[in-house]
Amino acid sequence: MISENPLNELRRECESLLKESLGKIQIDASFIKQLTFEKPPVWDFGQLATSICFELAKRIAEKPLALAQRLVQAMDKSNFSLVREVAAAGGGYINFHANFEEFSALTIESVRQFDASYGFVKAEKPLKIIIEHTSVNPIHPIHIGQARNPMLGDALARMLSARGHIVFRHYYVDDVGRQTAVIAYGYEKLGKPKPAEKPDHFIGKIYTITSCLVEINRLKRELERAKMVSAEEEIAKINRELDDWVSVAFELKQKYPDLFEKLLQKISEDPDPEKSIGELNRAYEAGEEGAKKLIREVSQLCLEGFKETLSRAGVFYDSWDWESDLVWSGLVAEVLQKLRQTPFVTVLGGVLEFEAGKVVEVLDLRKKLGLRKDYEVPSLTLVRADGTTLYTTRDIAYTIWKFRKAEKCINVIGMEQSLAQLQLKIALYALGYSHCAENLTHFAYNLVTLPGYKMSSRRGRYITLDEVLDEAVRRAYEEVSKRSPQLSEKEKRKVAEIVGIGAVRYALVEVDPAKPVEFNWDRVLNFEKNSAPYIQYSHARACSILRKASRKPEKADYRLLKEKLEQELVFMLAEFPETFTEAVETLKPNLMADYANALADKFNTFYNAFPVIKAEPPELSDARLALVDAVRIVLRNALNLIGVTAPEKM
């Protein structure tokens, strides 16, 4: 007998025994919709427990413990298979002890036969789901502060796919707006040069310098105007800002002298850079051919670099959705027209405002959106006075477009965007797309910090994901060379790449998304505890034991797995399908990381305590080998879900 969910088989038997017992002593428990079983806090109390007697005792005026004892006494022991013993305990709990002679066989054989699909319990109703993630603006390389997004988004996509859903991974290319106009302006001023380095790194330098020089130019103009009207406070404020930007310029000139001088010379020739950028921005949104060609060209260059970085990290996409396509297709204009027809839009001085708070009250959305009674949702600017749209306006159109292709959409976006995501949802309700609003999830996550390092995009002061991956692989190579000098150079390099990239991915996923990640090398590449290298090393250790045994465990007698550690390990393997299901249903990839780490801990304790290959009799050795093989499979499956490769050698 095998099962895709061994723990559920044990639970079903416990439920059957309990229901039969309730019938025997003639207690009506029909008001309890579902019998629930939990894991007791102490192993010796059993593997599953129910607190049903506390609820029933109130109805029949009997002490919970006395009722628990009566129910246990009424149970027919001849029906026990996966259950070895049942006991009344505490103030009225019923504890079920697993019969590991049967349960070990069921669990280990299930894992080994299902193999790569073990644990991945399928959803009753598979959905078409779009996960939009990463979506970094194509203006500079992806830095470590942004890298948590693709790692979480990709893990969610892997988990939902394993659950049986049809998942599409989308990257939203934010190519409309001032930032892309700034980089395109600088790129054109340089004569559209071909990058002599990784393209996104090259584009990032141009953007940072151009942005700085244009800002200095703008502030100098403002300063002149302020001096003309003797606005002393304004003059002091502009001077402070100007000093700050001049210090940024000094820093950038030191870092990139040639590029800085070229851009300074070219931008100085423009009487009004800010005006030129504004015109380029408007021309692009209007779909003018020259602007389209220029901004698409520079955006594509940056995206080429992104694809190289992300594919190295094992992150891929099914669709690259250009924000500009939504504008040019007329979908954004169509959405704006529909919003204008609602009573929730006002025009003030050419600025189009969406009164999100009014929608909440009129449509009574507070409870649905989980808003406090005293919270007032700010209004949202849809269109500026110059006629250009804002990001969230375009995002409304994009969301409607996505729901034409999927039943559920998940936006992996930082928690600092929570208000914009809320306003987006409210706009969907205002437009009558309540089904879309109710199936749209904002998967929010917190920041990544580096101890002792302050990142600043405008200063070009950031640590790129490329640099982090390179450093992780370098450190992993040193560690692998120390631990496994017998490996060939080619093997060391291959393992170092797997371990280094796995370490970064795990570090960005294993913390609860609501909490910030402190990226610390000592923790990220710790081979001794709670890291990808530690779990990968545990998997490689299991593979090594199986290689050294050089035989298949064909005579395993699982009744001989009597040690508490062995049985705890079996039970952890049985828990994997339900841990996976919980992680998917709650959208918590960190639960998979936690599980893999706990399983590695338990396995290493077992490995250090008991012989495997040399265990006697041979039937025990085979049972332990089969257990090691099952651990190998589950560690690999769990790591794969969060995008970490499990190497066979380390």
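The values are calculated or read from the model by the stated rules, or taken from the named source; none is laboratory data. Remember, predicted model here, so these are calculated numbers, not experimental data. Reconstructed Cβ throughout: ideal geometry from the backbone, glycine too, with neighbour counts over all protein chains shown.
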Find the residue count for segment 431-464, including only residues that are in contact with a Lys or Arg (Cβ under 9 Å, 6 or more places away or on another chain), in a helix (DSSP H, G or I) and either within 19 Å of Lys255 (Cβ to Cβ) or of a type in the set (A, V, I, L, M, F, W, C) (or both). 2
Within segment 503-538, count every residue that is touching a residue at least 24 places away in the same chain (Cβ under 8 Å) and either acidic (Asp, Glu) or in contact with a Pro (Cβ under 7 Å, 6 or more places away or on another chain) (or both). 9
Considering only residues that are part of a helix (DSSP H, G or I), under 22 Å from Ile142 (Cα atoms) and of a type in the set (Phe, Trp, Tyr), which ones fall in segment 205-257? Tyr207
Go through segment 144-177 residue by residue and tally those that are within 10 Å of the chain's Cα centre (by Cα) and either free of Cβ contacts under 8 Å to residues at least 40 places away in the same chain or over 25 Å from Asp512 (Cβ atoms) (or both). 1
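Condition check ((1) of a type outside the set (Ser, Thr, Tyr); (2) part of a loop (DSSP other than H, G, I, E, B); (3) without any contact (Cβ under 8 Å) to a residue 40 or more places away in the chain) across all residues:
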| residue | (1), (2), (3) |
| --- | --- |
| Ser21 | no, no, no |
| Gln26 | yes, yes, yes |
| Pro41 | yes, yes, yes |
| Ala57 | yes, no, yes |
| Ala68 | yes, no, yes |
Residue list for segment 597-650, filter: under 34 Å from the mean Cα position of the chain (by Cα), buried (at least 21 other Cβ atoms within 10 Å of the Cβ) and of a type in the set (Lys, Arg): Arg632, Arg636
Just for segment 590-628: of the residues that are assigned to a helix (DSSP H, G or I) and small (Gly, Ala, Ser), which one is farthest from Cys543 (Cα to Cα)? Ala593
Find all pairs meeting these conditions: Cβ atoms under 6 angstrom apart; at least six residues apart or on different chains; first residue within segment 340-355 and in the same structural domain as Ala385 (by TED's automatic domain parsing) and of a type in the set (Asp, Glu); second residue part of a loop (DSSP other than H, G, I, E, B) and surrounded by 13 or more Cβ atoms within 10 Å (Cβ to Cβ). Glu353/Ser379; Glu355/Phe344; Glu355/Ser379
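Pick out the one residue from Lys192, Lys220 that is under 28 Å from Ile463 (Cα atoms) and charged (D, E, K, R).
Details: Lys220 fails: under 28 Å from Ile463 (Cα atoms).
None of the other options fit; the residue is Lys192.
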Select from segment 170-214 the residues that are among the acidic types (Asp, Glu) and surrounded by 24 or more Cβ atoms within 10 Å (Cβ to Cβ) and list them in ascending order. Asp175, Asp200
Do the conditions hold for Ser456, that is, is it without any contact (Cβ under 8 Å) to a residue 24 or more places away in the chain and assigned by TED's automatic domain parsing to the domain that holds Val335? no
Do we find a residue being part of a helix (DSSP H, G or I) and among the β-branched types (Val, Ile, Thr) anywhere in segment 258-273? yes
Does segment 118-129 include one or more residues that are out of contact with any Ser or Thr (no Cβ under 7 Å at 6 or more places or on another chain), in contact (Cβ under 8 Å) with a residue 12 or more places away in the chain, surrounded by 21 or more Cβ atoms within 10 Å (Cβ to Cβ) and more than 30 Å from Leu635 (Cβ to Cβ)? no
What is the number of the single condition among (1) of a type outside the set (S, T, N, Q); (2) over 22 Å from the mean Cα position of the chain (by Cα); (3) part of a helix (DSSP H, G or I) that Lys425 does not meet? (2)
Filter segment 249-273 down to the residues that are surrounded by 15 or more Cβ atoms within 10 Å (Cβ to Cβ) and farther than 13 Å from Ile209 by Cα and list them by number. Asp270, Pro273
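Residues are listed down the side, and each one gets a yes or a no for (1) touching a strand residue (DSSP E or B) at 6+ places or on another chain (Cβ under 8 Å); (2) closer than 23 Å to Tyr171 by Cβ; (3) surrounded by fewer than 16 Cβ atoms within 10 Å (Cβ to Cβ):
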| site | (1), (2), (3) |
| --- | --- |
| Gln421 | yes, yes, no |
| Ala430 | yes, no, no |
| Leu440 | yes, yes, no |
| Phe443 | yes, yes, no |
| Leu447 | yes, yes, yes |
| Tyr453 | no, no, yes |
Pull out all pairs, ordered by first then second residue, where Cβ-Cβ is under 7 Å, the residues are six or more apart or on different chains, the first lies in segment 215-226 and is touching a residue at least 12 places away in the same chain (Cβ under 8 Å), and the second is aromatic (Phe, Trp, Tyr). Glu215/Trp245; Ile216/Trp245; Leu219/Trp245
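Residues checked against (1) crowded, with 16+ Cβ neighbours inside 10 Å; (2) out of contact with any strand residue (DSSP E or B) (no Cβ under 6 Å at 6 or more places or on another chain):
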| position | (1), (2) |
| --- | --- |
| Glu15 | yes, yes |
| Glu20 | no, yes |
| Asp28 | no, yes |
| Lys39 | no, yes |
| Ile60 | no, yes |
| Leu71 | yes, yes |
| Ser78 | no, yes |
| Val83 | yes, no |
| Gly91 | no, yes |
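Quick one: would you say Lys33 is in a loop (DSSP other than H, G, I, E, B) and of a type in the set (Lys, Arg)?
Working: in a loop (DSSP other than H, G, I, E, B): yes; of a type in the set (Lys, Arg): yes.
When the stated conditions are applied, Lys33 passes them.
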Just one of the numbered conditions (1) closer than 17 Å to Thr586 by Cα; (2) among the acidic types (Asp, Glu); (3) surrounded by 24 or more Cβ atoms within 10 Å (Cβ to Cβ) is not true of Glu132; which one? (1)
